[in-house]
2 protein chains.
Amino acid sequence: MELNLPESRSRSIRCIVKLGGAAITCKNELEKIHDENLEIVACQLRQAMMEGSVPSKVIGMDWSKRPGSSEISCDVDDLGDQDSSEFSKFVVVHGAGSFGHFQASRSGVHKGGLEKPIVKAGFVATRISVTNLNLEIVRALAREGIPTISMSPFSCGWSTSKRDVASADLSTVAKTIDSGFVPVLHGDAVLDNILGCTILSGDVIIRHLADHLKPEYVVFLTDVLGVYDRPPSEPDAVLLKEIAVGEDGSWKVVNPVLKHTNKKVETSVAAHDTTGGMETKISEAAMIAKLGIDVYIVKAATTHSQRALNGELRDNVPVDWLGTIIKYSK
Amino acid sequence: MELNLPESRSRSIRCIVKLGGAAITCKNELEKIHDENLEIVACQLRQAMMEGSVPSKVIGMDWSKRPGSSEISCDVDDLGDQDSSEFSKFVVVHGAGSFGHFQASRSGVHKGGLEKPIVKAGFVATRISVTNLNLEIVRALAREGIPTISMSPFSCGWSTSKRDVASADLSTVAKTIDSGFVPVLHGDAVLDNILGCTILSGDVIIRHLADHLKPEYVVFLTDVLGVYDRPPSEPDAVLLKEIAVGEDGSWKVVNPVLKHTNKKVETSVAAHDTTGGMETKISEAAMIAKLGIDVYIVKAATTHSQRALNGELRDNVPVDWLGTIIKYSK
């Protein structure tokens, strides 16, 4: 595997956050962003990055022309004597939700075969859809004063070999973080050495980043409270509060203590999710936890997500916190 | 200088095309695309890439939801038995026009100093604006059946050292071309080893790409017929049809033969152009010509641009062709 790693990094990464596609898009409407959630997520992210310090005001960083206006307004004049806020280092990765999946599944991009016209067209169409979403997320976070930088995995040299990450330019990601920016990556259509092309999911990207950047913790923001023992829509569904991952990568539920052990944890998976749902998420999360990095799966835009993003769960977990913690245990 | 170059390439690059900011955006209106020009440019580009072969139909590759619609329409079913069109290899680089320049000049991103809050915010704002334009150009070309792939220079690892290109991941560009796609790069805000950050212009990117990818010819699409001896708005302005570049990089006009030699060639430069206008273009073009690669500067969306893109000028230039050719002459 070819990796460009940074020679040195001045300060460690605090957190990698996954903005789940289901949390930031409307899953039952094609290519529609869940603006309300996204705005709260951006606000919570900023608060978490500030590590408790209170800024005088939010410096908006999206100076685009607003629809219906012919001028650009930015409060540049207010910036002159403002200190540069020291943010702790975060990386954001988002899923595709209702963007990209239609294009990918309609053309079969995940199965490869770039020589077929439909796959090639679908590859282009998928990238247009996911980069469109990426731009909107970068803008929403920038409006909240987070210095976001779009880093599309395809352009950053991410490629796969039979769906496993084969190359990735992590040195540009690290340099971007060290320059005080927040890289925003996403699930993407990429070239594959064996298949021609495939879909690289946001979850796989997170695992890879976690492995090489060694953040203190990883947060998955999703649209349900966490991982349940069966589809969360069922009345008896039990929220799994803590999952322990063993040295061999296997995992078991340690809290609550389940009477009837369901081997298979079922969860709601939207039909258009071509990159796997909660099952994939748990196995990816387990691989991250195995590195000694705690993983929190939590509902976006809630008090629970704010606490997880703040890192309040690192030492002890408040009893009233709702979500799933996945930890390594020897 | 750190360069990741491909080990081998299966077929050579035919042409690098610059879509000038002035040609594809409305220069007097902020963040407004010149849709009509862009559509013609896309159509001409596609014709040039087909090398004369007549396709049965255009396979649209932007399957995004149209405004006001809740569904995505794509003519996927028609693709099944269609042969994959063999396009000759093109690379597209576009300028910023009325995108990005406001944000860059307002904050002084080109002067560096990322530690200043205004520069940092302006850096983020500039990238949002230019990546927004990039997405729209990628979509316009994809609608015309060109398999475009957005490759934002920042994410592709382009960085500078006192404004000179210091690193660039050209292997991903080459791999993208070899997979049958058309990379679309653009002028961008990038990190600079010495200054902290700066603006990397589309013209500098083209020169760098030309140097390493060795295309057969380079076409600059602009909003005037070519290079004039004075601002083209003046009644006596003379179109310079051929400029010869010497071994030392100096250049002189060889057609027409000018009576009153104006040492300085003046041209219309929009006030918001922070990366230099026609003067920069000529010196960048001269550096490309010095590599033995012909450069054509021509008005976008005209019969002249179509002929230039087709490569019809390689052997001899028709007398009725209007534009500027910049050639190396020993």
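Computed from the coordinates by the stated procedures, all read-outs in this text should not be read as laboratory data. This is a predicted model, so every value here is computed, not measured. Reconstructed Cβ throughout: ideal geometry from the backbone, glycine too, with neighbour counts over all protein chains shown.
Would you mind ranking B:Arg127, A:Arg207 by Cβ crowding within 10 Å, fewest neighbours first?
A:Arg207, B:Arg127
Would you kindly derive the ³J(HN,Hα) couplings of the stretch A:228-233 from the backbone phi angles with the Karplus curve 6.51 cos²θ - 1.76 cosθ + 1.60 (θ = phi - 60°), listing them in order in whole Hz, with x for Gly and Pro?
10, 7, 7, x, x, 6
Counting only DSSP beta bridges with both residues in chain B, tell me the antiparallel percent, nearest 5.
Taking every DSSP beta bridge within chain B, about 40 percent pair in antiparallel fashion.
What percent antiparallel are the DSSP beta bridges of the protein assembly as shown, to the nearest 5?
If we restrict to bridges inside the protein assembly as shown, about 40 percent are antiparallel.
Out of the DSSP beta bridges found with both residues in the stretch A:69-226, what percent are antiparallel (nearest 5)?
Given both bridge residues lie in the stretch A:69-226, the antiparallel proportion sits at roughly 55 percent.
Might you report the magnitude of the Cβ-based charge dipole of the stretch B:91-179 about its Cα centre, with Lys and Arg at +1 and Asp and Glu at -1, to the nearest 20 debye?
360
Would you give the gap between the C-alpha center of the stretch B:20-64 and the C-alpha center of the stretch B:144-158, rounded to a whole Å?
Comparing the Cα centres of the stretch B:20-64 and the stretch B:144-158, I get a distance of 15 Å.
When the dipole is taken about the Cα centre of the protein assembly as shown, and only Lys, Arg (+1) and Asp, Glu (-1) are charged at their Cβ, what size is it in debye, to the nearest 20?
Here the size comes out at about 660 debye.
Please identify the GluC sites (Glu not before Pro) of the stretch B:118-225 that satisfy two criteria: DSSP loop assignment and at most 16 other Cβ atoms within 10 Å. Which are they?
Qualifying residues, ordered by number: B:Glu216.
Treating the beta-carbon of each Lys and Arg as +1 and of each Asp and Glu as -1, no other charges, what is the dipole magnitude of chain A about its Cα centre, to the nearest 20 debye?
The calculation lands at about 920 debye.
Determine the gain in length on full extension of the stretch A:Arg66-A:Leu291; use 0.36 nm per residue of separation and subtract their C-alpha separation, reporting nm with one decimal.
Computed gain between A:Arg66 and A:Leu291 is 76.6 nm.
For chain A, what class follows from the C-alpha gyration tensor (a ≥ b ≥ c being the square roots of its eigenvalues): rounded when a/c is under 1.5, otherwise prolate if a/b is larger than b/c, else oblate?
Rounded is the answer for chain A, as its axis ratio a/c remains below 1.5.
Which value in deg cm²/dmol, rounded to the nearest 500, describes the helix-derived mean residue ellipticity at 222 nm for chain A, given -39,500 (n - 2.57) per DSSP H run of n ≥ 4 and division by the residue count?
-9000 deg cm²/dmol
Please arrange B:Ile243, B:Ile33 by how many other C-beta atoms lie within 10 Å of their C-beta, fewest to most.
Listed from fewest to most nearby Cβ atoms, that is B:Ile33, B:Ile243.
Which one, A:Lys116, A:Lys89, A:Lys299, has the greatest fluctuation when you compute a Gaussian network model over chain A with C-alpha springs under 10 angstrom?
Most flexible of the set in this elastic network: A:Lys116.
Work out how much length A:Ser179 to A:Val254 would gain on full extension: take 0.36 nm times their residue separation and subtract the Cα-Cα distance, in nm to one decimal.
Net length gain for the segment: 23.0 nm.
Take B:Met287, B:Met50, B:Met151 and order them by how many other Cβ atoms sit within 10 Å, fewest up front.
B:Met50, B:Met287, B:Met151
Which whole DSSP H helices in chain B pass both tests: a Cα extent of 24 Å or more along the axis and a mean Kyte-Doolittle value no lower than -0.5?
Taking the DSSP H segments of chain B (at least 24 Å long, mean hydropathy at least -0.5), we get B:117-143.
Any idea which of B:Met151, A:His304, B:Val58 is furthest toward the positive side of the dipole for the protein assembly as shown, if Lys and Arg beta-carbons carry +1 and Asp and Glu beta-carbons -1?
B:Met151
Lys and Arg at +1, Asp and Glu at -1: add these up for the other residues within a Cβ distance under 13 Å of B:Leu185 and post the number.
Once all neighbours under 13 Å are counted, the net charge is -1.
Convert each backbone phi in the stretch B:14-25 into a coupling constant with the Karplus relation 6.51 cos²θ - 1.76 cosθ + 1.60 (shift: θ = phi - 60°), then list the ³J(HN,Hα) values in order as whole Hz, x for Gly and Pro.
Values per residue, Gly and Pro as x: 7, 8, 10, 10, 9, 8, x, x, 5, 7, 10, 10 Hz.
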